Amino acid sequence: MTTLDTHDTARPLGSVEPSEKNETPVPNKKSRFSPTVKGALIGAAAGSILPVFGTFSGALIGGIAGKVYSKRCAKA
């Protein structure tokens with residue numbers, strides 16, 4: 001008897017068994033905050049931590065970045 005006879009050759013070694021439960025896709029949940037507001041909040045938090053930016057300037061830069069991001073995603 002060879003080693004091939006003792007192994008299950010139908011599946012490659014290390015493969016994972018398929019799950020029996022049906023996985024339904026989760027619908028995309030809309031955020032209650034716009035990308036501009038999220039960018040401003042992240043920028044304000046980063047501005048308060050980093051000594052280069054202040055809180056206000058970090059919020060301003062983050063808001064502009066969020067606006068640019070939302071316009072770029074709208075084109076795609």
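The values are calculated or read from the model by the stated rules, or taken from the named source; none is laboratory data. Fair warning: this is a prediction, and the values are worked out from it, not measured in the lab. Because the Cβ atoms are built from the backbone with ideal geometry, glycine has one as well, and the counts that use them run over all protein chains shown.
Conditions (1) on the phi > 0 side of the Ramachandran plot; (2) surrounded by fewer than 15 Cβ atoms within 10 Å (Cβ to Cβ); (3) modelled with pLDDT of 65 or more; (4) among the β-branched types (Val, Ile, Thr), marked per residue:
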{"site": "3", "(1), (2), (3), (4)": "no, yes, no, yes"}
{"site": "13", "(1), (2), (3), (4)": "no, yes, no, no"}
{"site": "18", "(1), (2), (3), (4)": "no, yes, no, no"}
{"site": "30", "(1), (2), (3), (4)": "no, yes, yes, no"}
{"site": "50", "(1), (2), (3), (4)": "no, yes, yes, no"}
{"site": "71", "(1), (2), (3), (4)": "no, yes, yes, no"}
{"site": "74", "(1), (2), (3), (4)": "no, yes, yes, no"}
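The rows are residues; the columns are (1) under 24 Å from residue 73 (Cα atoms); (2) under 24 Å from the mean Cα position of the chain (by Cα); (3) of a type in the set (A, V, I, L, M, F, W, C); (4) at pLDDT below 80.
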{"position": "34", "(1), (2), (3), (4)": "yes, yes, no, no"}
{"position": "44", "(1), (2), (3), (4)": "yes, yes, yes, no"}
{"position": "54", "(1), (2), (3), (4)": "no, no, no, no"}
{"position": "58", "(1), (2), (3), (4)": "yes, yes, no, no"}
